[in-house]
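To start, the structure itself, in structure tokens.
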Amino acid sequence: MIIAIDGPAAAGKGTVAQALAAHYRLPYLDTGLLYRATGREMVERGLDLDDAQAAGRVAAALDMARLADPALRGHGAGELASRVAVHKQVRAALVAFQRNFAHQPGGAVLDGRDIGTAICPDADVKIYITASAEVRARRRTDELRAKGRQIDCNRILAEIRERDARDSGRAAAPLKPAADAHLLDTTDKDIEAAFRAAVDIIERARAEREQRDA
């Protein structure tokens with residue numbers, strides 16, 4: 001069973017995806033880490049983030065061991081990811097890895113921004129997790145303040161809106177729900193409620209598939 005989880009930053013998709021992977025005992029891939037690692041390496045090597053060709057070469061040669069670097073979970077790495085993800089050369093370089101991961105025996109859970117539309121259009125279940133920009137900004141602000149950083153929520157809100165526009169407006173695999181994705185709005189949900197709602201979606205989809213196959 002392949003479960004595709006998409007959505008904008010700070011909507012809760014990563015936390016829900018990890019919980020689903022544990023619940024269904026499936027391998028999990030945060031595909032955003034691939035783009036974060038690419039962006040981070042570009043900066044470390046002094047390369048221009050707007051250089052599509054250079055970014056594509058970095059992505060193609062990416063050492064997957066870098067995905068374990070905890071620094072990739074930070075807010076700054078997320079901004080770098082959004083910068084390099086606009087390049088079709090980067091996306092092309094990383095597609096095969098993501099698809100191979102998804103189609104391993106038994107399936108997998110993947111989260112990102114184009115899983116249901118570009119990476120795994122054949123996924124068994126597609127869920128698009130979203131929330132209002134204001135709620136996402138508050139969540140991200142609370143997360144950063146919990147780590148001891150003094151952050152202005154209005155600044156985070158502006159960055160989230162800018163990133164939403166960049167991710168949705170890019171020519172290569174823009175952020176948008178797949179036509180057959182189930183929408184899960186977490187604006188008024190905590191993580192447990194969001195997880196339970198996602199499980200309900202998956203179980204309904206499995207039941208419907210079993211009825212069709214019967």
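The values are calculated or read from the model by the stated rules, or taken from the named source; none is laboratory data. Here the structure is a predicted model, which means the values were calculated and not measured. Quick reminder, even Gly has a Cβ in these numbers, built from the backbone with ideal geometry, and neighbours come from all protein chains shown. Side chains are part of the model used for accessible areas, which takes the heavy atoms of the whole protein and leaves out ligands, DNA and RNA. Shrake-Rupley method; radii C 1.70, N 1.55, O 1.52, S 1.80 Å.
Observations on the model:
- Positions within the stretch 149-162 being modelled with pLDDT of 90 or more and surrounded by 12 or more Cβ atoms within 10 Å (Cβ to Cβ), in sequence order: C153, I156, L157, A158, E159, I160, R161, E162
- Sole exception among (1) without any contact (Cβ under 8 Å) to a residue 60 or more places away in the chain; (2) of a type outside the set (F, W, Y); (3) outside any helix (DSSP H, G or I) for N100, by number: (3)
- Considering the conditions (1) touching a residue at least 12 places away in the same chain (Cβ under 8 Å); (2) open to solvent by less than 70 Å² (accessible area, probe 1.4 Å), A165 is excluded by exactly one of them, (1).
- Set V90, V95, V109, V84: member being within 16 Å of the chain's Cα centre (by Cα) and either at positive phi or open to solvent by 20 Å² or more (accessible area, probe 1.4 Å) (or both): V95
- Filtering the stretch 106-113 for residues that are touching a Pro at 6+ places or on another chain (Cβ under 7 Å) and hydrophobic (A, V, I, L, M, F, W, C) leaves a non-empty set.
- A4 vs. criteria more than 21 Å from K147 (Cα to Cα) and not in a helix (DSSP H, G or I): yes
- All positions within the stretch 2-19 that are closer than 23 Å to E162 by Cβ and touching a Gly at 6+ places or on another chain (Cβ under 7 Å): D6, A9, K13
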